[in-house]
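Shown next, in structure tokens, is the structure this report addresses.
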Amino acid sequence: GLCIGGTGSANALEDYEEGTFTPTLRGNNNNSSPQISGTGKYTKIGRAVYVTISFQNKNQTYLPSGEYIQIHGLPFTVAGQTQVAPHGMNYKIGFSTNYQYYWYIPTNGTKMWGYYNVNGAAYQAWGTDQWKTAGNIYHENSFTYMTS
């Protein structure tokens, strides 16, 4: 294992892994056609998974209309309770400064649902139509979640 702060076995980090994965951006009912694939990297230390995802210059017309935005393909199943990730950096994606955007990551899954918080009202699903603006879209995000 990886040793931190000494050579004794008590300092060994036994569960450490790095790798890549392919996240996909899509609607909740229909897959995008063709599929919108991004790039992903992860570092897993114990149960904690640190993830970076990137969708660079992707054709937004491939997203279905009238659905909710999702990102599929996290490298490990989410465990414990439902978790959230920040909205990330978005370019050429419609949003309102009146809302707080975030990603909802249900337990026992490997996908993220886009949502936003409306002041004084219920949470709303982040629609694919908000991602269908002029030109190609960009989405960058990094966050940590817990696996089993």
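The values are calculated or read from the model by the stated rules, or taken from the named source; none is laboratory data. These figures come from a predicted structure and were not determined experimentally. Positions of Cβ are backbone-derived with ideal geometry, glycine not excepted, and every protein chain shown enters the neighbour counts. Please note that ligands, DNA and RNA were not included when accessible areas were found on the heavy atoms of the full protein model with its side chains. Shrake-Rupley method; radii C 1.70, N 1.55, O 1.52, S 1.80 Å.
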Of 65, 32, 96, the one that fluctuates the most in a GNM where the chain has Cα springs shorter than 10 Å: 96
Excluding residues on the same chain fewer than 8 positions from residue 58, give the lysines whose Cα lies under 21 Å from its Cα. 41, 92, 111, 132
If you put +1 on each Lys and Arg Cβ and -1 on each Asp and Glu Cβ, how big is the dipole of the chain around its Cα centre, in Debye rounded to 20? 280 debye
Long-range amide H contacts for residue 79: which residues qualify at under 5 Å (H placed 1.01 Å from N, peptide plane, sequence gap of 5 or more or a different chain)? 108, 146, 147, 148
Run the accessible area of the chain with a 1.4 Å probe and give the carbon-and-sulfur part as a rounded percent. 48 percent
In the chain, if the dipole is taken from +1 on Lys/Arg beta carbons and -1 on Asp/Glu beta carbons about the Cα centre, which of 23, 56, 147 is farthest to the positive end? 56
For the chain, what is the accessible area per residue in Å², given a 1.4 Å probe and the full set of protein chains? 53 Å²
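Rounded to two decimals, what is the ratio between the C-alpha radius of gyration of the chain and 2.2 N^0.38 Å?
Details: Rg = 17.2 Å, N = 148, 2.2 N^0.38 = 14.7 Å.
Ratio of Cα Rg to 2.2 N^0.38 Å: 1.17.
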